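Q: The structure that follows is given in the form of structure tokens.
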Amino acid sequence: MDLEEALIRLYERLPQVETYVNVKLSDALGAIVAKDIIAPGNLPPFRASAMDGYAIIKKDFEDAPESQFSVIGASLAGHPFTGEVNSGECVRIFTGAKVPQGADQVILQEQCLTRHDSTGSQSNQSAVTFKPHQPAETYLRPIGHDVKQGQPLAKKGDQLDGFLLGALAASGIAEVCVFKKPTVGVFSTGDELVDPGTPLAALRDGQIYDSNRFTVINLLRHSPCTLIDLGRLPDDAKAVENAFMAASKRCQILITSGGVSVGDADFITATLKSLGKLDFWRLNLKPGKPLAFGQIHNCYVFGLPGNPVSTIVTLLLLAKPAIWHCAGARAVPRLRLPARLRSPLEHTPGRAEFQRGTLDEQEGLLHVTVTGDQSSNRLSTFKGANCLIEIPKTAGNLPAGATVWVSPFTGLLS
Ligand code: AMP
Ligand code: MG
């Protein structure tokens, strides 16, 4: 099965959450909007000045730009002038302040010939004259200039990021209806694994540190899910079965790494078969061929391959989009940009491959450099990398200068 086919299959299989909760804006970062949010009012809610200057009647100034205008008051942000501007009059005004009735033009304070009062207090300033000029614009923000009452501020399926939360706050919204985040449990598996922190000298022959669990949990940190670190499982059928049974009751999604390759103490696929169902196993993908996906009751299980690079690539390309789908997020295809290879690249036709690369820009063109030996055990292929390079299954070795598709990590992580 190819990656695209597997993704379609995942979207079909995984149900989207239907439960929603109301949360305060301050607790909503990262959550997925469950119902469209409509603007309750206009922004700005009143005609506001875009600059510091004097609010005036446009026609008045056009007819007699050299005349003197009496300053009848001041309008400051939060302290509007309540009167009306008539012919021959103006009001000292500041950015964001309400434009008084009658005025339809702001003359910038730089165009003022009389010394102006920068505090806005009326002081002794009673009249001003301006340099005769044609104002470039009215410097007036109409009601609803930014947001119109009734327009959608957020759509069902949007993730609440800093921009969106700021926009909701600007519209006075303090609470949002969001989908309940799915619970995602993360296991690592393997008798060879020990926790980081164990002194190197204390490692027994053949032992290595467990890295996948930390990588997976941290790469999912900004995803709309509640993560549970479920620890490490031994290569023991009974232990895996018991742990899966318990975890499947707490989690909507389980992510494991290791134990899915052939010839291995292959407990993950066997346990999926015995407790539930193995939906698919093995993809036309490099790295990540042994990926297994299945289900135990209402819990969906991603058996990611154990080699750290395979774990990450299958997490980013399959498990992560599936989690977002499950969380109610609208599917956004991964961003792909064309870039030129700075160095030749090796690839055997057969499986689509995702190598790690460093993308840079030169004279308006994107270039990409492969980060050395791409073996799937080498976490160091991510050092300095900022994208995945996609090599189609039909391609062979590619020369320097060839155009390839790259997916920046920024688009893959959010
Ligand atoms: P497996 O699929 O279990 O045979 O694992 C494939 C390779 O990935 C082996 O070299 C494992 O030692 C390694 N591996 C599996 N799980 C982890 C892990 N959590 N952290 C680091 N390496 C791992
Ligand atoms: Mg293993």
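The values are calculated or read from the model by the stated rules, or taken from the named source; none is laboratory data. Since the model is a prediction, treat every value here as computed from it, not as a measurement. Positions of Cβ are generated from backbone atoms using ideal geometry, with glycine treated the same way; all protein chains shown enter the neighbour counts.
Q: Check VAL186, VAL176 and return the single one that is more than 14 Å from ligand 1 (Cβ to nearest atom) and touching a residue at least 40 places away in the same chain (Cβ under 8 Å).
A: Step by step, each of VAL186, VAL176 is checked, and only VAL176 is more than 14 Å from ligand 1 (Cβ to nearest atom) and touching a residue at least 40 places away in the same chain (Cβ under 8 Å).
Q: Condition first: touching a Ser or Thr at 6+ places or on another chain (Cβ under 6 Å) and not in a loop (DSSP other than H, G, I, E, B). Now tell me which residues in region 50-69 satisfy that.
A: ASP60
Q: Please verify whether SER380 is in a helix (DSSP H, G or I), within 26 Å of the chain's Cα centre (by Cα) and at pLDDT 95 or above, treating the condition exactly as stated.
A: yes
Q: Please go through region 28-40 and give me each residue that is surrounded by 14 or more Cβ atoms within 10 Å (Cβ to Cβ) and either in the same structural domain as ALA127 (by TED's automatic domain parsing) or not in a loop (DSSP other than H, G, I, E, B) (or both), ordered by number.
A: ILE32, VAL33, ILE37
Q: On to the next question. Got a sec? Which strands (runs of 3 or more DSSP E) wholly within region 147-223 have at least 2 residues that are at pLDDT 95 or above and within 16 Å of ligand 2 (Cβ to nearest atom)?
A: On the way: elements: 152-154, 175-179, 183-189.
By residue number, 183-189.
Q: What's the total number of residues in region 234-279 that are within 13 Å of ligand 1 (Cβ to nearest atom), under 18 Å from ILE323 (Cβ atoms) and hydrophobic (A, V, I, L, M, F, W, C)?
A: 1
Q: Let me ask another. Got at least one residue in region 246-265 being within 16 Å of ligand 2 (Cβ to nearest atom), surrounded by fewer than 22 Cβ atoms within 10 Å (Cβ to Cβ), of a type in the set (S, T, N, Q) and assigned by TED's automatic domain parsing to the domain that holds LEU317?
A: Scanning region 246-265, I find at least one residue that is within 16 Å of ligand 2 (Cβ to nearest atom), surrounded by fewer than 22 Cβ atoms within 10 Å (Cβ to Cβ), of a type in the set (S, T, N, Q) and assigned by TED's automatic domain parsing to the domain that holds LEU317, so the answer is yes.
Q: For the structure I just gave you, tell me whether GLY411 is in a loop (DSSP other than H, G, I, E, B) and either at pLDDT below 95 or surrounded by fewer than 17 Cβ atoms within 10 Å (Cβ to Cβ) (or both).
A: Values: in a loop (DSSP other than H, G, I, E, B): no; either at pLDDT below 95 or surrounded by fewer than 17 Cβ atoms within 10 Å (Cβ to Cβ) (or both): yes.
No, not satisfied.
Q: Here is a further query. I'd like to know if region 86-95 contains one or more residues that are at pLDDT 95 or above, under 14 Å from ALA48 (Cα atoms) and assigned to a loop (DSSP other than H, G, I, E, B).
A: For region 86-95, residues at pLDDT 95 or above, under 14 Å from ALA48 (Cα atoms) and assigned to a loop (DSSP other than H, G, I, E, B): present.
Q: With the condition kept exactly as written, say whether any residue in region 337-347 is at pLDDT 95 or above, assigned to a loop (DSSP other than H, G, I, E, B), hydrophobic (A, V, I, L, M, F, W, C) and surrounded by 15 or more Cβ atoms within 10 Å (Cβ to Cβ).
A: no
Q: Can you say whether GLU346 is in contact with a strand residue (DSSP E or B) (Cβ under 9 Å, 6 or more places away or on another chain), farther than 20 Å from LEU317 by Cβ and not assigned by TED's automatic domain parsing to the domain that holds THR314, as far as the supplied structure shows?
A: The answer is yes for GLU346.
This table checks each residue for (1) closer than 16 Å to ARG221 by Cα; (2) more than 16 Å from ligand 2 (Cβ to nearest atom).
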site: LYS286; (1), (2): no, yes
site: ALA292; (1), (2): no, no
site: ASN298; (1), (2): no, yes
site: ASN307; (1), (2): no, no
site: LEU316; (1), (2): yes, yes
site: GLY328; (1), (2): no, yes
site: VAL332; (1), (2): no, yes
site: ARG336; (1), (2): no, yes
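Q: What single numbered condition from (1) free of Cβ contacts under 8 Å to residues at least 24 places away in the same chain; (2) of a type in the set (Val, Ile, Thr); (3) farther than 30 Å from ILE312 by Cβ fails to hold for VAL147?
A: Every condition holds for VAL147 apart from (1).
Q: Six or more apart or on different chains, Cβ under 7 Å: which pairs go from a residue in region 28-57 that's at positive phi to one that's of a type outside the set (A, V, I, L, M, F, W, C) and assigned to a strand (DSSP E or B)? Could you list them?
A: Listed pairs, sorted by first residue: GLY30/GLN159.
Q: Please enumerate the residues belonging to region 249-293 that are hydroxyl-bearing (Ser, Thr, Tyr) and closer than 23 Å to THR215 by Cβ. So that I can check it myself, show each step before the final result.
A: Quick first cut of region 249-293, residues hydroxyl-bearing (Ser, Thr, Tyr) only: 256-257, 261, 269, 271, 274.
If the condition is that a residue be hydroxyl-bearing (Ser, Thr, Tyr) and closer than 23 Å to THR215 by Cβ, then THR256, SER257, SER261, THR269, THR271 are the ones that fit.
Q: Okay, moving on. Under 8 Å between Cβ atoms, which residue pairs at least 6 apart in sequence (or on different chains) link something in region 192-219 that is free of Cβ contacts under 8 Å to residues at least 12 places away in the same chain with a partner that is within 10 Å of ligand 1 (Cβ to nearest atom) and among the aromatic types (Phe, Trp, Tyr)?
A: Matching pairs, first to second residue: THR198/TYR209.
Q: Same structure again: Of the residues that make up region 193-214, is at least one in contact with a helix residue (DSSP H, G or I) (Cβ under 6 Å, 6 or more places away or on another chain), closer than 27 Å to LEU10 by Cα and of a type in the set (A, V, I, L, M, F, W, C)?
A: No, region 193-214 has no match at all.
Q: Identify, from the list VAL216, VAL147, the residue that is within 30 Å of VAL23 (Cα to Cα), of a type in the set (Val, Ile, Thr) and within 15 Å of ligand 1 (Cβ to nearest atom).
A: Details: VAL147 fails: within 15 Å of ligand 1 (Cβ to nearest atom).
Unique residue meeting the criteria: VAL216.
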